[in-house]
């Protein structure tokens, strides 16, 4: 595999999001991690940078929905926790069990860009988040409840990132390209492809929150 850096003009940033009715937000330039060490560093960076972003929001901004049907920053965080924890939990399972349940890949893994393009195509065809990955509507009754919910969400997000990186410790490059995991929209992916998805999915939601903040407070 040859490492690439992804650059995409704003006009080509993709179809509507799987998760809400807004455009598919992403940074306009970001590294595409491919190998284990790169993936570990990428997830560490995602979680440290986003912790600063999420933690810097006021209580009101954290729970504010920009429009009906659009997730608040808090709901984006909860969605990320659910998604990342599911992948982290799968990484801890015995590889033999995963092979028995989901089979092995004979073709190896697609590139980061190919997985991302497939995801965008599914979104354009009407793919939506469903079931356990959709966050409940968060509207705390008072400030005390808001403090508790926010602390739980942010702690959960950091814990999910740590679990994901720890889960990679027992994996080698070959296994990433052979063992498969199920994705509710993309079907069976190799573990490497699932990690690609998890990375750009994280970036999407973080950038969504960043955009929401800038729209409320231009220049932020």
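What FRET efficiency do you get for residue 151 and residue 185 if R0 is 35 Å and r is their Cβ-Cβ distance, rounded to the nearest 0.05? After rounding to 0.05, the efficiency reads 0.65. Gaussian network model of the chain, Cα springs within a sub-10 Å range: biggest mean-square fluctuation belongs to which of 162, 59, 34? Checking each option, the largest mean-square fluctuation is seen for 59.
May I ask you to sort 64, 107 by Cβ crowding, counting other Cβ atoms within 10 Å and putting the fewest first?
In order of increasing Cβ crowding within 10 Å: 107, 64.
How tilted is helix 112-124 with respect to the longest principal axis of the chain? Cα atoms for both, answer in degrees (0 to 90, nearest 10). That works out to roughly 60 degrees. Were the residues from residue 96 through residue 173 laid out at 0.36 nm apart, the gain over their Cα-Cα distance would be 26.1 nm.
Would you look at the GNM of the chain, springs on alpha carbons closer than 10 Å, and say which of 35, 200, 43 moves the most? Result for the chain, Cα springs under 10 Å: 35 fluctuates most.
When Rg and the Kirkwood Rh are both derived from Cα coordinates, the Rg/Rh ratio for the stretch 111-220 amounts to 1.02.
Computed from Cα positions, the angle between helix 191-216 and the longest principal axis of the chain comes to roughly 20 degrees.
Computed from the coordinates by the stated procedures, all read-outs in this text should not be read as laboratory data. For clarity, every value in this text was computed on a predicted model and none was experimentally measured. Note that we place each Cβ from the backbone using ideal geometry, even for glycine, and neighbour counts take in every protein chain shown.
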